[in-house]
Amino acid sequence: MAHTYEELHKKTVAELREIAKDLDHEAVKGYTQLNKEHLLPAVCEALGVKVDKHHRHEPEGIDRKKVKDTLKALKAEKQKAIEARDRAQLKAIRRRYHNLNHKIRAATTA
């Protein structure tokens, strides 16, 4: 039975172990001790299923669009704080802006 990466990814650890049990390949040795993160690539290698680069690491789960919209809103708040000469508010906005930018960078470079 031919498997695809998407099909294997949706399977539970128990189902992947059942598949690995029938395989005689170096990559799946010790399959009973492997968690899904390690078992999935091993089963893919043993079955000869191609794993594309974008499949290897799942995104961290940030909603980039939502974060970008928040950054735009913070820019408007920043301008208002500058006009009102509210240094405390300005500093808080800059820190939030910095933290959101850092979150985006961390999620995309991992």
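The values are calculated or read from the model by the stated rules, or taken from the named source; none is laboratory data. Owing to the predicted nature of the structure, the values given are computational and were not obtained by experimental measurement. A quick note on method: Cβ atoms are made from the backbone with ideal geometry, for glycine too, and the neighbour counts reach across all protein chains shown. Surface areas here come from the heavy atoms of the whole protein model, side chains and all, with no ligands, DNA or RNA. Shrake-Rupley method; radii C 1.70, N 1.55, O 1.52, S 1.80 Å.
Taken over the stretch 1-33, the criterion of being open to solvent by less than 60 Å² (accessible area, probe 1.4 Å) and either of a type in the set (S, T, N, Q) or touching a residue at least 12 places away in the same chain (Cβ under 8 Å) (or both) is satisfied by His3, Tyr5, Leu8, Val13, Leu16, Ile19, Ala20, Leu23, Ala27, Val28, Tyr31. Selection over the stretch 80-100 of residues that are closer than 16 Å to Thr70 by Cα and out of contact with any helix residue (DSSP H, G or I) (no Cβ under 8 Å at 6 or more places or on another chain) gives a count of 5. Quick check on my filter: what residues within the stretch 42-58 are under 20 Å from the mean Cα position of the chain (by Cα), open to solvent by 70 Å² or more (accessible area, probe 1.4 Å) and at pLDDT 80 or above? If the condition is that a residue be under 20 Å from the mean Cα position of the chain (by Cα), open to solvent by 70 Å² or more (accessible area, probe 1.4 Å) and at pLDDT 80 or above, then Lys50 is the only one that fits. Taking each residue of the stretch 88-108 that is within 15 Å of Ile62 (Cβ to Cβ) and looking for partners that are open to solvent by 80 Å² or more (accessible area, probe 1.4 Å) and not in a helix (DSSP H, G or I) with beta-carbon atoms closer than 8 Å, six or more apart or interchain, yields Ala106/Glu60; Ala107/Pro59; Ala107/Glu60. The set of residues from the stretch 85-110 being open to solvent by 70 Å² or more (accessible area, probe 1.4 Å) and either touching a Phe, Trp or Tyr at 6+ places or on another chain (Cβ under 8 Å) or among the small types (Gly, Ala, Ser) (or both) comprises Ala88, Ala110.
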